[in-house]
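Okay, so here's the structure we're looking at.
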Amino acid sequence: MKQSAAFNLAIIAAVFGLGSTAQASAGQSPAVVELFTSQGCSSCPPANANLVKLSNDPDVLALSFSVTYWDYLGWKDIFGKREFTDRQVTYEPALGQSGPFTPQMVINGHQSTVGYDLNEIRRVIASEPALSGPGIALVRDAAVIDAAKDRTDAVDVWLVRYAPGTVQVPVARGENAGETLPHAHVVHELKRLGTWDGKMLRLPIPVATGDLKSAIIVQEQKGGRILAAATD
């Protein structure tokens, strides 16, 4: 009988003394939906609302990245960071886009949609093959990525820190002045931890502050396809 990736990770976790883990075994990673949004964009509220709905789906890792390029319109997004804008810009060439725009939902690093129509979003998610990358074991201070014989080229390993649940943000100026906008799974930190080349890998991660949750994303370089993801 062939051992599962989840079984292998349980053994690895025990060896490293990792304690209880959140695991994503091969073929069981959640679909990753990244919303690039801005509180200064009047077109974004419908996409924000749809991400709130997706955030309740256990088969989806929904993440909200606030970009900074609309801050000049009169309202500086309180969650915006340059590295989130850079992540979106990196995606665009492979997605056939000449530049970034909002709102934009990127699914598994491979397809995108504006995010207005929830049925369309779910259709795109359903059209994507299940993520079948390496198993991931995630705890407070380390991430362990399982070995895979069919992978020899290096891919990126990302740490994402996000706030669980939904927050309502009142906007005082700009295109959304007077509106209160919903934000689900707001990303506060994005960090490239290193690369994985098919060998079993243990990466230390700092303990999350406050109530932030951690997600690990294994992804082909230069904004390529996402291979696996897990969250604690």
What is the one condition in (1) in contact (Cβ under 8 Å) with a residue 40 or more places away in the chain; (2) surrounded by fewer than 19 Cβ atoms within 10 Å (Cβ to Cβ); (3) closer than 23 Å to LEU54 by Cα; (4) among the hydroxyl-bearing types (Ser, Thr, Tyr) that SER214 does not satisfy?
(2)
When SER132 is evaluated against the numbered criteria (1) in contact with a helix residue (DSSP H, G or I) (Cβ under 6 Å, 6 or more places away or on another chain); (2) among the hydroxyl-bearing types (Ser, Thr, Tyr); (3) more than 26 Å from SER66 (Cα to Cα), which criterion, by number, is the only one it fails?
(1)
Can you say whether SER43 is surrounded by fewer than 21 Cβ atoms within 10 Å (Cβ to Cβ) and either closer than 15 Å to ASN176 by Cα or polar (S, T, N, Q) (or both), as far as the supplied structure shows?
yes
Could you grab me the full set of residues in the range 147-173 that are within 19 Å of PHE36 (Cα to Cα) and out of contact with any Lys or Arg (no Cβ under 9 Å at 6 or more places or on another chain)?
GLY165, THR166, VAL167, GLN168, VAL169, PRO170, VAL171
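Each row is one residue, and each column tells you yes or no for (1) assigned to a strand (DSSP E or B); (2) touching a residue at least 60 places away in the same chain (Cβ under 8 Å).
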{"position": "ALA130", "(1), (2)": "no, yes"}
{"position": "PRO134", "(1), (2)": "no, yes"}
{"position": "ALA137", "(1), (2)": "yes, yes"}
{"position": "VAL144", "(1), (2)": "yes, yes"}
{"position": "ASP150", "(1), (2)": "no, no"}
{"position": "VAL157", "(1), (2)": "yes, yes"}
{"position": "LEU181", "(1), (2)": "yes, yes"}
{"position": "LYS199", "(1), (2)": "no, no"}
Which one of the conditions (1) hydrophobic (A, V, I, L, M, F, W, C); (2) assigned to a loop (DSSP other than H, G, I, E, B); (3) within 14 Å of the chain's Cα centre (by Cα) does PHE79 fail to meet, given that it meets all the rest?
(3)
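Per-residue answers, yes or no, for (1) in a strand (DSSP E or B); (2) within 22 Å of ILE216 (Cα to Cα); (3) within 18 Å of the chain's Cα centre (by Cα); (4) of a type outside the set (D, E, K, R):
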residue: PRO100; (1), (2), (3), (4): no, no, yes, yes
residue: VAL106; (1), (2), (3), (4): yes, yes, yes, yes
residue: GLY115; (1), (2), (3), (4): no, no, yes, yes
residue: GLU120; (1), (2), (3), (4): no, no, no, no
residue: GLU175; (1), (2), (3), (4): no, no, no, no
residue: VAL187; (1), (2), (3), (4): yes, yes, yes, yes
residue: LEU193; (1), (2), (3), (4): yes, yes, yes, yes
Count - residues of the range 10-65 that are modelled with pLDDT under 95 and within 30 Å of PRO103 (Cα to Cα):
4
For the range 63-85, state whether one or more residues are surrounded by 21 or more Cβ atoms within 10 Å (Cβ to Cβ), aliphatic (A, V, I, L, M) and in contact with a Leu (Cβ under 6 Å, 6 or more places away or on another chain).
no
ALA126 versus (1) surrounded by 15 or more Cβ atoms within 10 Å (Cβ to Cβ); (2) of a type in the set (A, V, I, L, M); (3) assigned to a helix (DSSP H, G or I): which is the lone unmet condition?
(1)
What are the residues in the range 158-174 that are farther than 24 Å from LEU54 by Cβ and surrounded by 14 or more Cβ atoms within 10 Å (Cβ to Cβ), if any?
GLY174
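The values are calculated or read from the model by the stated rules, or taken from the named source; none is laboratory data. The model shown is predicted, which means the values in this text are computed figures rather than measured ones. No Cβ is skipped: glycine too gets one built from the backbone with ideal geometry, and neighbour counts run over all protein chains shown.
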